[in-house]
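Engineer: So that we are looking at the same thing, I have put the structure below in structure tokens.
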Amino acid sequence: MTSHEQSLQYLQSLGYRLTPQRLLVLEIVAEGGSHMGVDEVYRQARAAYPYMDLATVYRTLRLFKQVGVVTEVAIGNRLHYELTDPGEKHHHMVCRDCHRAFNLSPHYLEEFRDTLIKEFGFAPDLEHFTVSGDCVDCRAGAAPAAGSTINNADNWENAES
């Protein structure tokens, strides 16, 4: 079963109606394969369904984020979305210079969570977490690959190699 199909089943199990607009937005994000900006989702949705409006796309993506079907990451000054498995943690590192996004393995944040709980008695919400900074290419002064704005490495070690 694909992540798209799992997401549909998950939404149904929560009692959400699968309206044509919701189905279309979910399909676009699922087929996008990576972090998609709202404007890109809207443009594709509008091409498939001319009566789609931007507010519907925003509301739908916000709902999907709330229930854990998509993850939201700020890249530059825009929000981007990608399909994620409901209930699974999904973390990013985003370069503030070139705006590439890297997936961050959850085990790094488990140590952080454990430290906060142990030292401060504070249990952080780290289900979807984004760290901003400078990637290895930008720190070295190297230009990222032409047209490359997103890197979907499994974790930071893979992104640096």
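FYI, it's all coordinate maths here, none of it is from the lab. Being a predicted model, the structure only gives us computed values, none of them experimental. Heads up, the Cβs are rebuilt from the backbone with ideal geometry, glycines too, and the neighbour counts pull from every protein chain shown.
Engineer: Amide H neighbours of Leu79 under 5 Å, at least 5 residues apart or on other chains, H built in the peptide plane: list them.
Structural biologist: Those qualifying (amide H under 5 Å, at least 5 residues apart or on another chain) are Val38.
Engineer: Moving on. Would you kindly work out the equivalent ellipsoid of the range 1-95 from its C-alpha gyration tensor and give its semi-axes, the square roots of five times the eigenvalues, largest first in whole Å? Could the numbers behind the result be given before it?
Structural biologist: On the way: eigenvalues 69, 65, 24 Å².
Working from the Cα gyration tensor, I get semi-axes of 19, 18, 11 Å.
Engineer: Which value in nm describes the separation of the simple spin-label points at Phe112 and Tyr58, placed 7 Å from the Cα toward the beta carbon?
Structural biologist: Simple spin-label model gives 2.8 nm for this pair.
Engineer: Grab the Cα-Cα distance for Gln12 and Val131, subtract it from 0.36 nm times how many residues apart they are, and report the gain in nm with one decimal.
Structural biologist: On the way: separation 119, 0.36 × 119 = 42.84 nm, distance 3.22 nm.
Taking 0.36 nm per residue and subtracting the Cα distance, the gain is 39.6 nm.
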